[in-house]
Structures are given as C-alpha cells and as structure tokens.
Amino acid sequence: MPEIIPVSYEDTAVLCSVQYHELTQSLDSPFDALSSHEHIVVDGFTDPNEPKSSRYCLGRITNVNRNEAINKARKFIGNGIIIRFRNHELVVENHGSAAVFVNSKMTNFEHCLPRSTVIKVPNNYYLKIFDTSLFSYVLSKTAKDGRDETMDLVELCSIQLSFTKGWGDGYSRKEVTSTPCWINMALCAPLKWLDQVLLALEPSDSVCGSNT
C-alpha cells in the first residue's frame, strides 16, 4: 500500500476572490476579500473600494452594454450580502431588498442535492455555503481515488450567486450567465489546499487532507 502523505490546511491572506458579471460579461477587476476582516460586504453602492477594503461596491461599476433588465436587477442589490467566515464555515447573509440565488456544490453535497441545484435565499435569511471540515473529509477520501478524481473537487471551491434572478431547473434561465447580475466567489484557501494535494499526487503517491 502506498505511503499516505498528509497535506494540512493553511489559511490564506485572501479569503475569496470575487468577480462581478453581467450576463456573460466579466466586469471590473476581481475583489480580494481579506481573511483579516470580520466580514465582507458586497453591496449596490458606490464606495471606490480602497485597497484592503471590506466592501465591494457594485454601484460604481459601469457597462456600455448594460440593458434595462440589468439596470432593474441592480436596483434591488441595495445593502447586498455579507460574507462571514467563522468556525471553519462560510456563511452568506442576504441584506438586500430581493432574494439572491446561490449555487454552492459543497452545500449541495452536504444536503445530498444534485450539484447543479440553485438555492433561493430570501432577504434577511442566510445560507452556509462552505464547510472546511466537510471539505477536508471529501478531499481526504477522494485523494485515495487518484489525481483525476481529486481534480474534480475544484468545483467545490467556487460559488455562484445571482442577485434577484434564479437559474437552473424551474427557470427559463438555465445558466448563471443568463442572469442579469451575478458574482463568482473563488475560495482561496481550499483552492490552495487542493493544489498542494494535487502536487503531492503527481508522482502517484497517496495523500490525505488534514485539518490538523
């Protein structure tokens, strides 16, 4: 039996990288949400997003291709969402005036839902969107199956959130790129952890994820 090589979780300076989109178009530079902040706000206002800010304000972003449907959806962002990371869990709170819609493949895995499931989060509600302890278990188990299977876990490390409009089953919009305004959150520490495991698997060794 091959030697088991533990690869431990390490925090990163950036909690997640947030990219804003309108339909299929990526707009603005990615916003790096720092782990040192108690929480991160993504709202519809116009703060210029100073370096190391805890707010990513979408109201200041312009787009010459913006249509009326996008303008209407953006008006509902308002106070937006708050992202909190506590006790190894990432939670999104909806403080806007309309629902947000979330595809978190980690959350779907935890609740035995299809990976493509989109969850509606009404205003003043919250949703756990990532669990580091659960990811550790999945990573440790999958790494024993090989590098290709482990590479598939990259999907667990990004989360899509649409403001006001849902997509997928039950909606006319089948892809998130059909929604007026949405963000992608790439989770930096899990991606780094996964990368380290993949590097360790390169020479066909067996590795396991470890939270210790």
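The values are calculated or read from the model by the stated rules, or taken from the named source; none is laboratory data. Quantities reported herein were computed from a predicted structural model and do not represent experimental measurements. Don't worry about glycine lacking a Cβ; one is built from the backbone with ideal geometry, like all the others, and counts go over all protein chains shown.
Figures for the structure shown
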quantity	calculated
Subset of region 57-69 (residues that are surrounded by fewer than 19 Cβ atoms within 10 Å (Cβ to Cβ) and modelled with pLDDT of 95 or more)	GLY59, ARG60, ILE61, THR62, ASN63, VAL64, ARG66, ASN67, GLU68, ALA69
Selection from region 2-25 of residues that are assigned to a loop (DSSP other than H, G, I, E, B) and either on the phi < 0 side of the Ramachandran plot or of a type in the set (Val, Ile, Thr) (or both)	PRO2, GLU3, TYR9, GLU10, ASP11, THR12, ALA13, THR24
Per-region count, region 103-124, residues acidic (Asp, Glu) and in contact with a Ser or Thr (Cβ under 6 Å, 6 or more places away or on another chain)	0
Residue that is of a type in the set (Lys, Arg) and in a loop (DSSP other than H, G, I, E, B), where the choices are ARG84, ARG66	ARG66
Given (1) in a loop (DSSP other than H, G, I, E, B); (2) at positive phi, number of the condition ASP28 does not satisfy	(1)
Meets criteria (over 16 Å from VAL154 (Cα atoms), among the aliphatic types (A, V, I, L, M) and without any contact (Cβ under 8 Å) to a residue 40 or more places away in the chain) for VAL64	yes
Members of region 32-63 found to be more than 22 Å from ASN123 (Cβ to Cβ) and part of a strand (DSSP E or B), listed by number	ASP32, LEU34
Of all residues in region 101-143 being in contact with an Asp or Glu (Cβ under 9 Å, 6 or more places away or on another chain) and part of a loop (DSSP other than H, G, I, E, B), the one that is surrounded by the most Cβ atoms within 10 Å (Cβ to Cβ)	VAL118
Members of region 81-96 that are of a type outside the set (D, E, K, R), without any contact (Cβ under 8 Å) to a residue 40 or more places away in the chain and in contact with a Lys or Arg (Cβ under 9 Å, 6 or more places away or on another chain)	VAL91
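Okay, residues lined up against (1) free of Cβ contacts under 8 Å to residues at least 24 places away in the same chain; (2) crowded, with 18+ Cβ neighbours inside 10 Å; (3) among the basic types (Lys, Arg):
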{"residue": "VAL7", "(1), (2), (3)": "no, yes, no"}
{"residue": "LEU15", "(1), (2), (3)": "no, yes, no"}
{"residue": "TYR20", "(1), (2), (3)": "no, yes, no"}
{"residue": "THR24", "(1), (2), (3)": "no, no, no"}
{"residue": "PHE31", "(1), (2), (3)": "no, yes, no"}
{"residue": "GLU38", "(1), (2), (3)": "no, no, no"}
{"residue": "LYS52", "(1), (2), (3)": "yes, no, yes"}
{"residue": "ARG74", "(1), (2), (3)": "no, yes, yes"}
